[in-house]
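Asks: Right, I'll just put the structure down here and ask away after.
Just so it is clear, none of the values below were taken in a lab; they were calculated from the coordinates. All figures in this text were calculated on a predicted structure; none of them were measured in a lab. Neighbour counts run over all protein chains shown; Cβ positions are idealised from the backbone, glycine included.
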Amino acid sequence: MIKKVKNAFLKLLIKIDNGFLCDVCRLNHPSTCAHPERPNSKKCNDFEHKSLR
Ligand code: SF4
């Protein structure tokens, strides 16, 4: 629950900045993310901030 709230908050901060979620997503690698939008995704349900585990 807290992880989801933190993730949503971090997404909001990124949107205020440059908007590219992939830049700070821990899944930003061809072997872990198959989304065609990578690395320039601005909207993604699988986003996980690098700082979250
Ligand atoms: S999961 Fe989403 S935000 Fe993360 S790298 Fe893939 S497309 Fe980008």
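Asks: Taking the 0 to 90 degree range and rounding to the nearest ten, how far is the long axis of helix 2-16 tilted relative to the main principal axis of the chain, both from C-alpha atoms?
Replies: So the helix axis and the longest Cα principal axis differ by about 70 degrees.
Asks: How large is log10 I(q)/I(0) at q = 0.23, 0.29, 0.32 Å⁻¹ when the Debye formula is applied to the Cα atoms of the chain, each weighted equally and without solvent?
Replies: Result of the Debye calculation: -0.83, -1.22, -1.38.
Asks: Same structure again: Based on the mean of other Cβ atoms within 10 Å per residue, sort peptides 1-11, 40-50, 21-31 so the most packed one is first. Working shown, then result.
Replies: On the way: 1-11: 11.5, 40-50: 14.2, 21-31: 15.8.
Put in order of decreasing packing, that is 21-31, 40-50, 1-11.
Asks: Here is a further query. Please list, ordered by chain and number, the residues whose modelled amide H lies under 5 Å from the amide H of His35; skip anything fewer than 5 residues away on the same chain.
Replies: Counting only residues 5 or more places away or on other chains, the set is empty.
Asks: Next up: Restricting to DSSP H runs of at least four residues, report the calculated mean residue ellipticity at 222 nm for the chain, -39500 (n - 2.57) per run over all residues, nearest 500 deg cm²/dmol.
Replies: -9500 deg cm²/dmol
Asks: Then there's this: Once the other residues with Cβ under 10 Å from the Cβ of Val24 are scored (Lys, Arg +1; Asp, Glu -1), what is the net sum?
Replies: 0
Asks: Go through Ala34, Leu21, Phe9 and say which Cα lies farthest out towards the positive end of the charge dipole of the range 1-43; charges sit on Cβ, +1 for Lys and Arg, -1 for Asp and Glu.
Replies: So the residue we want is Phe9.
Asks: Roughly how many nanometres apart are two label points built 7 Å out from the Cα toward the Cβ at Asp17 and Ala34?
Replies: 2.9 nm
Asks: I need to check one value: relative contact order of the chain, counting alpha carbon pairs closer than 8 Å and at least 6 residues apart, in percent. The partial results should precede the final answer.
Replies: Working: 45 pairs, mean separation 21.4, N = 53.
Once normalised by length, the contact order is 40 percent.
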